[in-house]
1. Exactly one condition in (1) in contact with a helix residue (DSSP H, G or I) (Cβ under 9 Å, 6 or more places away or on another chain); (2) at pLDDT 95 or above is not met by R120; state its number.
2. May I ask you to list pairs of residues, at least six apart or on different chains, whose Cβ atoms are under 6 Å apart, with the first in segment 85-103 being farther than 18 Å from L155 by Cα and the second being modelled with pLDDT under 90?
3. Inspect segment 56-67 for any residue being within 14 Å of the ligand (Cβ to nearest atom) and under 13 Å from the mean Cα position of the chain (by Cα) and give the result as yes or no.
4. Considering each of Y148, Y135 in turn, give the residue that is closer than 30 Å to A58 by Cβ, surrounded by 21 or more Cβ atoms within 10 Å (Cβ to Cβ) and hydroxyl-bearing (S, T, Y).
5. Return yes or no: is D115 charged (D, E, K, R) and in a helix (DSSP H, G or I)?
6. Given the options A81, A55, A31, name the one that is within 27 Å of R150 (Cβ to Cβ) and either surrounded by 14 or more Cβ atoms within 10 Å (Cβ to Cβ) or touching a residue at least 60 places away in the same chain (Cβ under 8 Å) (or both).
7. Inspect all residues belonging to segment 127-138 and state whether any of them is farther than 28 Å from G47 by Cα, touching a residue at least 40 places away in the same chain (Cβ under 8 Å) and of a type outside the set (K, R).
8. Of the conditions (1) closer than 26 Å to L210 by Cβ; (2) part of a helix (DSSP H, G or I); (3) within 16 Å of the ligand (Cβ to nearest atom), Q145 clears all except one; give me its number.
Amino acid sequence: MASVDFLASLAVGSSASPQPPQAEPRIDAAAALRAATHALHEQLDHGLPLARADAQLADYAAHLTVLRDWQRALAPWLSRAIIDPAALALIEQDLNDCPAQAHALAVLNAMPPPDLTALRQIDDGRNGFCWGIAYVVEGSRLGGQVLYRRLSQQLAPHPLRYLGQRGRTGPSWPEMLACLQSRLDAGPELQSACHGAVAAFELLLLRFRLAGCIA
Ligand code: HEM
């Protein structure tokens, strides 16, 4: 599990000797979330078949079925944060245009349902926890834009709507970051968000492993 101990290094006012009052340094919420999940992102970035140069439509179908299943499982938490509801509709439309949809669905249906035990155990009820999960779900579409630029010609005429259309609906990424910053600038909320983000990444990695997408 990725460590969130680095948050301790962001703590202020721990000195034993009295200090003159100072403005508290502002914690960069996005930087903390990025640091907490960096190693997990690397595993996806380097391991996903869709990120390979020779990615095929079958890889896209497998990718979308796992992402759809994952986002549906996270719905109870996402409903407590702003998230682009149009994204799931784009996944549906893209899957309908994938000839390999049936195979990808069969693989998914043979898998056990997402195990949410870990998420439920570490959910401390703070909204920060949900915002950490929303950060991962929205962030996954940033990488999607990179994939779209790589694959749009290779996989044409498939429109790759889900990869290509981030930003046309829902919050822009700068809006999302501003939202995170305004909600997570207190230590406990941010710590909870990091726990949520790590748990969401770990669940997704597990689902991609079970689907045979990554080793
Ligand atoms: C589907 C699983 C994925 C998830 C959950 C995910 C998650 C994230 C998150 C949370 C961010 C925001 C990081 C930040 O705070 O700046 C991000 C950004 C990014 N991701 Fe991923 N990612 C995924 C797949 C990928 C893949 C396969 C690639 C390979 C192309 C990739 C490339 C990137 C890039 C280049 C950025 C930075 C984009 C920018 O700043 O404009 N991601 N991703």
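The values are calculated or read from the model by the stated rules, or taken from the named source; none is laboratory data. Quantities reported herein were computed from a predicted structural model and do not represent experimental measurements. Cβ placement follows ideal geometry from the backbone for every residue including glycine, while neighbour counts extend to all protein chains displayed.
1. (1)
2. Between residues of segment 85-103 that are farther than 18 Å from L155 by Cα and residues that are modelled with pLDDT under 90, the close pairs are A86/T169.
3. yes
4. Working: Y148 fails: surrounded by 21 or more Cβ atoms within 10 Å (Cβ to Cβ).
Step by step, each of Y148, Y135 is checked, and only Y135 is closer than 30 Å to A58 by Cβ, surrounded by 21 or more Cβ atoms within 10 Å (Cβ to Cβ) and hydroxyl-bearing (S, T, Y).
5. On the way: charged (D, E, K, R): yes; in a helix (DSSP H, G or I): no.
So D115 fails the test.
6. Working: A81 fails: within 27 Å of R150 (Cβ to Cβ); A31 fails: either surrounded by 14 or more Cβ atoms within 10 Å (Cβ to Cβ) or touching a residue at least 60 places away in the same chain (Cβ under 8 Å) (or both).
Answer to the selection: A55.
7. Start the filter on segment 127-138 by keeping residues that are farther than 28 Å from G47 by Cα, which leaves 127-128.
Next cut, touching a residue at least 40 places away in the same chain (Cβ under 8 Å) only: 127-128.
Then keep just the ones that are of a type outside the set (K, R); that gives 127-128.
Yes.
8. Condition (1) is where Q145 drops out.
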